[in-house]
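Take a look at the structure set out below.
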Amino acid sequence: MQDPRYYQIAVLTGLLVYGIVALDFEVVPLQAVASVGGVLVVQWLFSRWKGAPWEWRSALISGLSLCLLCRTRDIGWCLAGATIAVSSKFLIRLGGKHLFNPTNLALIVLLLVSDGSVWVSPGQWGSVAFFALLLACVGGLVVMRAGRWDVALGFLFCWALLLLGRSWWVHEPLTIPLHRLQNGALLLFTFFMISDPKTTPDSRAGRFLFAALVAIGGWWWQFLQYGTNGPLWALAALSPFVPLIDRILPGPAYSWPKFTPTSTPSIA
Amino acid sequence: MAQVHSHLNSFHRMKTSLLLPIVAALAIASDASAFCGFYVAKADSKLYNESSQVVLVRDGKRTQLTMANDYQGDPKEFALVIPVPTVIERDDVDVMEKAIIDHLDAYTAPRLVEYWDSDPEQRLYPAAAMAPMGPDPFSAPAKRREGAKALGVTIKREFSKGEYDLMVLAAEQSNGLITWLNGEGYQIPEGATDVIQSYIAQDMKFFVAKVNLERQAKQGRTWLRPLRVSFNSKKFMLPIRLGTVNAKGPQDLIIYALTRQGRLESTNYRTVRLPTNLDIPPYVKNEFGDFYRAMFARAVEIEKMSSVFIEYFWDMGWCDPCSSDPIPNIELRALGVDWLKGENEQRPQEGEVYITRLHVRYDREHFPEDLVFQETGDHENLQGRYVMRHPWTGKADTEARKTYFNETLPKRREEEAQTLARMTNWDIDTIRAKQAAYRSPKQKEGE
């Protein structure tokens with residue numbers, strides 16, 4: 001089977017170009033170079049240090065995802081994001097797996113420490129680009145058929161249920177939850193972040209449980225605490241519980257097809 | 001009972017007949033530097049048919065919301081209903097002077113700047129919700145409270161400020177609230193029931209204002225001043241749903257956000273920069289209002305009417321070119337910017353306060369949910385700035401001047417025409433004809 005990461009790299013690169021050209025994303029080329037170059041360099045350094053083979057694909061995916069989600073005017077924060085993302089794969093590990101999705105952790109750390117200099121713009125995709133994005137993401141599911149489609153669909157199902165349920169509860173018309181679901185940032189999160197096979201639970205039951213917990217946490221943050229980017233915060237907050245879920249609901253660990261998994265690759 | 005002629009909304013509507021197209025050609029300061037460009041005209045909020053203006057000051061969890069209201073009808077027919085997240089106390093409400101909002105409008109409006117080409121021999125041009133009122137609802141308070149209670153409506157607060165009588169209401173059911181408000185003389189439009197019910201379900205309160213005619217008469221004013229309301233809530237949003245209930249078409253909303261950290265953006269709609277820093281034909285000076293309206297309509301069309309537009313973002317410590325006098329600290333404090341240092345400064349310090357002017361054209365179909373915001377750390381300045389370059393008016397008697405008249409100028413004119421056509425969807429041939437007919441004041445002098 002083909003390595004699904006090539007498809008992801010192609011989709012993320014396409015999205016980045018589309019975002020900059022058509023959607024007026026505030027990503028200057030230098031920032032893109034800093035994020036992508038940064039992850040590759042840090043990955044290379046860690047590979048040398050750990051004596052692991054040079055693995056660029058997962059690092060590139062992390063770099064592209066950072067470009068798509070992280071907004072800043074300061075190149076320094078792009079480099080910091082790249083460093084945090086890749087180092088977390090090598091340094092924060094439990095039971096042979098890295099704990100956090102690299103991009104997710106980098107974003108949350110930057111949001112916490114940058115004093116406002118880094119932000120994530122969940123509305124910037126708009127709903128016009130939504131269907132094209134949906135198509136690309138569903139395409140990704142097909143390519144990843146051996147991957148973690150269950151966690152993506154599980155999350156989306158729970159998230160949709162929570163949004164619909166809340167709108168019903170507060171007497172909002174259907175157009176409101178539908179508008180909230182037609183969100184490009186939500187699709188990116190679903191298909192390129194929470195579905196990371198290396199940081200999700202090993203068993204299918206575990207993954208469904210994890211997806212549901214992230215959906216509930218994100219919903220609580222966004223609709224009861226009135227915060228932004230609920231799913232991002234929930235994923236980072238709940239990732240440390242993955243080893244516990246794996247202990248309760250064990251399953252075989254994931255490894256990338258046709259690939260030696262010594263370098264702990266990741267999606268996003 | 002007065003007839004309903006507007007929607008239940010936190011904002012006002014302006015009658016079409018009262019619209020005055022902007023007069024573009026204003027006085028030009030003769031000593032201004034040509035390099036920075038002269039500020040000559042602006043496209044302020046008076047351009048739009050159905051427009052509202054709000055000032056949103058946000059500091060941590062504290063929001064101060066000022067609603068500008070140039071309601072032109074009979075003041076006894078005026079009433080305002082806004083959903084608010086908490087009970088509003090008397091000290092949380094203030095009446096502002098309208099001039100402050102007009103000043104903010106002028107300061108942040110998209111502007112037209114002009115340059116004059118120099119002699120080509122020396123150097124080429126530089127690159128550079130309303131419901132009408134019936135019987136007096138503020139009579140016999142005890143009886144009213146009982147009547148309200150029977151309908152599940154609690155009058156949480158009741159007080160007066162300036163020319164307004166104000167109430168904060170909590171309700172159990174939208175039907176009860178609507179029945180009570182209608183009994184009190186407000187006419188709440190059909191279709192508002194669901195929207196009001198959803199605010200009640202989210203435990204929101206209702207801030208209701210009407211004009212106290214006696215006090216207004218004492219003050220001798222004929223217009224209504226803006227109301228400022230303050231509250232502490234994690235919710236950082238602007239309720240627009242009530243305003244779309246009865247609206248006949250799209251409405252314009254201009255938001256002036258004053259923040260400590262940086263630019264404001266919406267988290268549930270796309271926030272887009274308007275095209276800016278473009279060279280347009282000098283004749284547009286005489287129809288700058290029309291130009292801006294057409295360009296905005298085109299931008300809305302391109303975004304399928306589902307985006308919020310940024311018209312201006314700047315550190316309030318400086319501006320370039322300034323389209324009005326700076327906003328002094330005293331005016332900013334009145335709007336709720338209470339973190340400013342210094343009492344009598346003509347403008348805030350750099351880095352103290354940022355202003356984002358957002359412009360939304362919305363209706364129920366394209367903007368189904370209320371606007372939600374976040375403050376970003378972005379400090380990249382942006383202003384709607386359109387440039388016209390007047391040709392040099394000498395004779396083509398040297399090689400450089402011949403090149404200027406025969407090549408540089410025609411090429412530039414065509415580029416300007418193309419830009420204008422692309423931005424406004426105006427017919428290119430009409431543009432070219434107007435370009436050919438236009439003579440700048442200096443050209444007229446020479447003729």
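The values are calculated or read from the model by the stated rules, or taken from the named source; none is laboratory data. For clarity, every value in this text was computed on a predicted model and none was experimentally measured. For neighbour counting, all protein chains shown are included, and Cβ atoms are generated from backbone atoms with ideal geometry for every residue, glycine included. These area figures cover heavy atoms from the full protein model, side chains too; ligands, DNA and RNA do not enter into them. Shrake-Rupley method; radii C 1.70, N 1.55, O 1.52, S 1.80 Å.
Across peptide A:114-127, the mean count of Cβ atoms from other chains lying within 10 Å of each residue's own Cβ comes to 6.
Inter-chain neighbour count for A:166-175: the average number of beta-carbon atoms from partner chains within 10 Å of each residue's beta-carbon is 5. Each pair of Cα atoms in region A:4-121 enters the Kirkwood radius, and Stokes-Einstein at 37 °C and 0.692 mPa s then converts it into a translational diffusion coefficient of 229 µm²/s. Residues in region B:397-405 carry Karplus couplings, in order, of 10, 10, 4, 4, 6, 5, 4, 4, 6 Hz; the curve used is 6.51 cos²θ - 1.76 cosθ + 1.60 with θ = phi - 60°, and Gly or Pro positions show x. Taking other residues whose beta carbon is less than 12 angstrom from the beta carbon of A:Trp44, and scoring Lys, Arg as +1 and Asp, Glu as -1, yields +1. Neighbours of A:Ser87 by Cβ distance under 13 Å: Lys/Arg scored +1, Asp/Glu scored -1, total +3. Scaled to the globular estimate 2.2 N^0.38 Å, the Cα spread of region B:200-342, given as radius of gyration, is 1.33.
Derived scalar couplings between HN and Hα for region B:224-232 equal 9, 8, x, 10, 10, 10, 10, 7, 9 Hz in order, rounded to whole Hz, by the Karplus curve 6.51 cos²θ - 1.76 cosθ + 1.60 (θ = phi - 60°), x for Gly and Pro. Summing charges over neighbours of B:Arg260, with a neighbour being any other residue whose Cβ is under 9 Å away from its Cβ, gives -2 when K and R count +1 and D and E count -1. Buried surface for the A/B pair, taken as the accessible area of each chain alone minus that of the pair with a 1.4 Å probe, is close to 2400 Å² in total.
Counting only other chain Cβ atoms within 10 Å of each residue's Cβ, the peptide B:376-389 averages 2.
Let me have the relative contact order for chain A, percent, based on Cα pairs under 8 Å that are six or more residues apart. Computed value for chain A: 24 percent relative contact order. Computed with a 1.4 Å probe over protein heavy atoms only, the accessible area of B:Lys434 comes to about 80 Å². Accessible area per residue was computed with a 1.4 Å probe on protein heavy atoms; A:Val113 scores about 90 Å². Here region A:4-121 is assigned +1 on the Cβ of each Lys and Arg and -1 on the Cβ of each Asp and Glu. Its dipole about the Cα centre then comes out at about 540 debye. When you work out D = kT/(6 pi eta Rh) for region A:147-248 at 25 °C and 0.890 mPa s, using the Kirkwood radius from C-alpha pairs as Rh and the Stokes-Einstein form, the result is 179 µm²/s. Rolling a 1.4 Å probe over the protein chains gives A:Val21 an accessible area of about 120 Å². Once the 1.4 Å probe is applied to the protein heavy atoms, region A:147-248 comes out at 39 Å² accessible per residue.
For region A:11-74, which chymotrypsin sites (Phe, Trp or Tyr not before Pro) pass both filters: DSSP loop (anything but H, G, I, E, B) and at most 14 other C-beta atoms within 10 Å? Of the chymotrypsin sites (Phe, Trp or Tyr not before Pro), the ones in loops of region A:11-74 whose Cβ has at most 14 other Cβ atoms within 10 Å are A:Trp54. Working note: Debye formula, equal point scatterers on the alpha-carbon atoms of chain A, no solvent; log10 I(q)/I(0) at q = 0.08, 0.14, 0.16 Å⁻¹ is -0.29, -0.95, -1.28.
Dividing the summed -39500 (n - 2.57) terms of all DSSP H runs of n ≥ 4 by the residue count of chain A sets its mean residue ellipticity at 222 nm at -20000 deg cm²/dmol.
GNM on chain A, alpha-carbon springs under 10 angstrom: the most fluctuating residue among A:Ile92, A:Ile194, A:Ile108 is A:Ile92.
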